[in-house]
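Have a look at the structure below, then the notes.
Taken together, the values in this text are just the output of simple stated rules run on the coordinates, not laboratory data. Because the structure is a prediction, the values reported are computed rather than measured. Here Cβ is always computed from backbone atoms with ideal geometry, including for glycine, and neighbour counts include all displayed protein chains.
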Amino acid sequence: QIQLVQSGPELKKPGESVKISCKASGYTFTDYAMHWVKQAPGKGLKWMGWINTYTGKPTYADDFKGRFVFSLEASASTANLQISNLKNEDTATYFCAREGIPTLDYWGQGVMVTVSS
Amino acid sequence: DIQMTQSPASLSASLEEIVTITCQASQDIGNWLAWYQQKPGKSPQLLIYGATSLADGVPSRFSGSRSGTQYSLKISRLQVEDIGIYYCLQAYSAPYTFGAGTKLELK
């Protein structure tokens, strides 16, 4: 069965970096794009962007340009999200989601990232 | 960017009641509209894709419809397990945008 399994919760200080992973199984990883979605505590869903899992090309929403990097370990069917120079407002749950046709069909369980001094 | 205006923000309904949630797109998005249900501490679950198609395993009491740029999610007979927050998502063009969400509670 199709699964996206994300890494565990993270507690970081402002200015630090974090890298979270999303391991896919049950399908051919490079056949489907991977998207990233942010959900701040008690708030709605915000689309961060996506990565072409065949070419490795990332596309970022405007609010996520600069400190956010999408990457792949295609041989391990894994997509990664790295956030540098963490700020308090980066405290959120981050979801990966596969783009099936024609929408985001399978989601990871989410990773809670807490930024606190 | 395409704006998705979702209403109502919250909704209190009784068991077996009919519930309708709507999303208004700021421009034509065709049928590139999906609905999700999210429960506390969980990831969103796909209910409807392509505006009207039921995702695998989703009960038939859920249905989606479209009238121009207005999209609706209908729950025909509300059940306890339907409580949660519902979001629409337009996947017509980047940046993809979600509605603000509808919190559905039991009356």
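Annotations
- Flag if A:Tyr106 is facing chain B (nearest Cβ under 9 Å), in contact (Cβ under 8 Å) with a residue 24 or more places away in the chain, touching a strand residue (DSSP E or B) at 6+ places or on another chain (Cβ under 9 Å) and in a strand (DSSP E or B): yes
- Filtered residues of region A:9-55 (kept if away from chain B (no Cβ under 12 Å), free of Cβ contacts under 8 Å to residues at least 40 places away in the same chain and in contact with a helix residue (DSSP H, G or I) (Cβ under 8 Å, 6 or more places away or on another chain)): A:Thr53, A:Tyr54
- When residues of region A:78-117 are limited to those that are over 28 Å from B:Ile48 (Cβ atoms) and small (Gly, Ala, Ser), the one surrounded by the fewest Cβ atoms within 10 Å (Cβ to Cβ): A:Ser117
- Some residue of region B:39-54 being of a type in the set (A, V, I, L, M, F, W, C), farther than 26 Å from A:Gln109 by Cβ, surrounded by 13 or more Cβ atoms within 10 Å (Cβ to Cβ) and in contact (Cβ under 8 Å) with a residue 24 or more places away in the chain: no
- Annotation: of all residues in region A:78-103 being in a loop (DSSP other than H, G, I, E, B) and farther than 29 Å from B:Ala55 by Cβ, the one that is nearest to the other protein chains (Cβ to nearest Cβ) is A:Thr91.
- Region B:7-63, residues that are at positive phi and either within 10 Å of another protein chain (Cβ to nearest Cβ) or part of a strand (DSSP E or B) (or both): B:Gly30, B:Gly41, B:Gly50, B:Ala51
- Comparison of A:Ser71, A:Ser21, A:Ser117, A:Ser75 shows that the only residue that is farther than 19 Å from B:Gln90 by Cα, among the hydroxyl-bearing types (Ser, Thr, Tyr) and part of a loop (DSSP other than H, G, I, E, B) is A:Ser117.
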